[in-house]
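Just so it is clear, none of the values below were taken in a lab; they were calculated from the coordinates. From a predicted model like this one, the values you see are computed outputs, not experimental measurements. In this analysis, Cβ positions are derived from the backbone assuming ideal geometry, glycine residues included, and neighbour counts consider all displayed protein chains.
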């Protein structure tokens, strides 16, 4: 639909969102007042991007020129229709001007992908040993799926991807389709170029995370992770596209193929099997499975990766926070994000660097909550989280055994992760 | 650095009946800035991507220097797509932002440092190498992004509408920067745009494509003064050349109530009519000539543009003319125009090809 207004603002949207008209389109996005913005993480982008609260929704608004905005809007609609994991386009607004009549850039509006994280948020919130590898693995799956659909990306990177946590793994979503093109079939040259760009960008992005101090890795480790996009992609592409012919009775070969995919790290639940017309070609499409009711809900809301009991404890605290701040009517996702910013992350930041190998973050948080209860009881008043955390870091955590080595073999390869 | 040669290079999409690029023959000199330009769907981007290795070549060859790269994967072609990856890394210094791809490629540290220094000098970024991108202006950030491509020292730069996401003002600035930078670097560059002004202001030579077929490749000056066919004549120049279908007569072409003289030999092969082209700045007000009724007068100070209509028989033809801005004819009046001597382009009415004249 198109909705011209008095200022000849043009709104093209897949669904009518009358609330869109209430936003200050006559102001450059960079200068939008705080009360319109939702405090969700921002990725790096070549354009100005803001997250906006609109009723119960969170929308991502990107400033760009009209042509690019319309093109990307159409592309994202196509990709959604093709069921490629990507953000959902909401609309395009053109014809923006300031009150003085100065023209402003057009905007592309997408729905913020609930519970998704830019890669930088992954590193500041998790102590999983191979988070980066898992992100890259998810990106490899996404890239294979995009190429199978005929989509040439042109700018594959962690920054142009959003990640949803998924029981230790990640699912990757395409978030920037600006350079992309849809063909009947991508050429080998296009696939190779996408891979080369992906490898370079991932290495650059990881080097940046290293430079920020949030990841301790040397160049060889960085390259090992960025090279992984190529090996994972090629293996998966081969498994998914190389035809395998067999007689109708030879069903075991489907099983064998699935097992090979299992060995590559993909669950049976992640696979879809189709046959071509003559029934000889098997294609397997990965999806993601997960486990654990509480950890899933926690993950869904906060992106935190926690064990089942830790998750239950954290969710209880989130619910208390929601009640204490009288936010029961608000979008759960937004409250959860604020809880992360107000409660969870401040506690994590208080953990001295040399004590970070002691416990997983969720476990530390759980212990701080216990400690607060103990302090409050002793003081006969409600001790705040900050005070409790400070006390805990000073008197309790240093006495704990170092658990890095006992959490499992993988953990020993854990890069020391520091929150920003 | 190297030459680039398209040797009857053809791209036919699967299921398509007409090639997207049809037997392209084009030789680009070492260090040359060549612009591919044409309307949407003309094959300019496809041509560039064939060179980049992103599109299969279904016929003919593509060479970089003497090397046939027709089937070589993109990363082994020694080319750089500029502006494709524009993001800068906020925690890395400008030097690291420029040099990180070399680090990935295993280039020795000293070599990286030397190349980054060189590129920074060319880009005027020497004083900023130790800073973070955040401390830079928009224009400086763009130059850092260009630096990423420069330090790789590729044989050829490829740019596919690199200015399309900039606003009009920044586009003009940046196009000047890119053109002057390319000249300083002397790296062979192939640049794609749909904007003929961009093409004419940036390229050493310009190649105009239409429907997958190369129409003309020439310097901007030659292209402007000597278009090889009606399409190029109408596409290059803004406002566009007046292309008028006029009757051929004894001694020349009937130009209103006068005759534009053309030697007999030149008109020997034409039919009853001819397409006569005159650029708006080559239309001169006169007592006699082409009668044009003035619809709109656009005053620009020193100059004014007349948008008018030539009524000829049953058909109306739009005419644009540049006149003295101090005394333009009034809207609604009818005035006469003569073409400036030596600035008339004749095209065959059927084939659209240029007819050479001595005049």
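The distance between label points at residue A:185 and residue B:68 comes to 2.3 nm (points 7 Å beyond Cα on the Cα→Cβ vector). Based on DSSP H segments of at least four residues, each scored -39500 (n - 2.57), chain B has a per-residue ellipticity at 222 nm of -7000 deg cm²/dmol. The distance between label points at residue A:373 and residue B:286 comes to 10.1 nm (points 7 Å beyond Cα on the Cα→Cβ vector).
Among the residues of A:186-195, the average count of other protein chain beta-carbon atoms within 10 Å of the residue beta-carbon is 6.
Inter-chain Cβ neighbour count for A:200-209, averaged per residue, equals 5 (cutoff 10 Å, partner chain atoms only). Roughly how tilted is helix B:109-123, in degrees to the nearest 10 and between 0 and 90, from the longest Cα axis of chain B? Between the helix axis and the principal axis of chain B, the angle is about 30 degrees.
Which value does Rg/Rh take for segment B:4-230 over its C-alpha atoms, Rh per Kirkwood? Walk me through the intermediate numbers first.
On the way: Rg = 18.1 Å, Rh = 18.4 Å.
Rg/Rh for segment B:4-230 comes to 0.99.
To the nearest ten degrees, helix B:94-104 and the longest principal axis of the Cα atoms of chain B are 70 degrees apart.
Which of the three applies to segment A:10-112, rounded, prolate or oblate, going by the alpha-carbon gyration tensor with a ≥ b ≥ c and a/c under 1.5 meaning rounded? Prolate, because a/c is 1.5 or more and a/b exceeds b/c. Averaged over residues, the count of other Cβ atoms within 10 Å places the peptides A:343-350, A:87-94 in the sequence A:87-94, A:343-350, highest first. Compared with the dominant Cα axis of chain B, that is its longest principal axis, helix B:138-150 is turned about 70°. Taking the average, over residues, of other Cβ atoms within 10 Å as the packing measure, peptides A:52-64, B:292-304 rank A:52-64, B:292-304 from highest down.
Take the Cβ atoms of residue A:74 and residue A:31, set R0 to 30 Å, and the FRET efficiency comes out at 0.55.
Note on residue A:15 and residue B:211: with the Förster distance fixed at 30 Å, the Cβ-Cβ geometry gives a FRET efficiency of about 0.15.
If you take the beta carbon distance between residue A:48 and residue B:272 as r and set R0 to 51 Å, what does 1/(1 + (r/R0)^6) give as a FRET efficiency, to the nearest 0.05? It comes to 0.30. Would you mind telling me which residue in B:46, B:107, B:219 has the biggest mean-square fluctuation in a Gaussian network model of chain B, where springs connect alpha carbons within a distance under 10 angstrom? Largest GNM mean-square fluctuation: B:107.
Counting only Cα atoms, the size of segment B:129-242 along its three principal axes is 54, 30, 24 Å, in decreasing order. Averaged over residues, the count of other Cβ atoms within 10 Å places the peptides A:203-212, A:369-378, A:225-234 in the sequence A:203-212, A:225-234, A:369-378, highest first.
Going by a ≥ b ≥ c, the root eigenvalues of the Cα gyration tensor, does segment B:53-157 fall in the rounded group (a/c under 1.5), the prolate group (a/b larger than b/c) or the oblate group? The partial results should precede the final answer.
Working: a/c = 2.60, a/b = 2.06, b/c = 1.26.
Here segment B:53-157 falls in the prolate category.
Here the relative contact order of segment B:64-135, from alpha carbon pairs under 8 Å that lie six or more residues apart, stands at 38 percent.
Here the simple spin-label model places points 7 Å from the Cα toward Cβ, and for residue A:353 and residue A:224 these points are separated by 2.3 nm. Take each residue in B:73-79, count the other chain C-beta atoms within 10 Å of its C-beta, and the mean is 4. Expressed as a whole percent, the proportion of Cα-Cα pairs in segment B:240-355 lying more than 23 Å apart is 27%. Which residue, B:65, B:147, B:16, tops the fluctuation ranking in a GNM of chain B built on C-alpha contacts under 10 Å? For chain B, modelled as a Gaussian network with Cα springs under 10 Å, the answer is B:16. For segment B:240-355, the relative contact order works out to 28 percent when only alpha carbon pairs closer than 8 Å and six or more residues apart are counted. Take the Cα of residue A:56, go 7 Å toward its beta carbon, and the backbone nitrogen atoms of segment A:330-354 under 20 Å from that spot belong to A:330-339.
Among B:128, B:224, B:191, the largest mean-square fluctuation in a Gaussian network model of chain B, built with springs joining Cα atoms closer than 10 Å, belongs to B:128.
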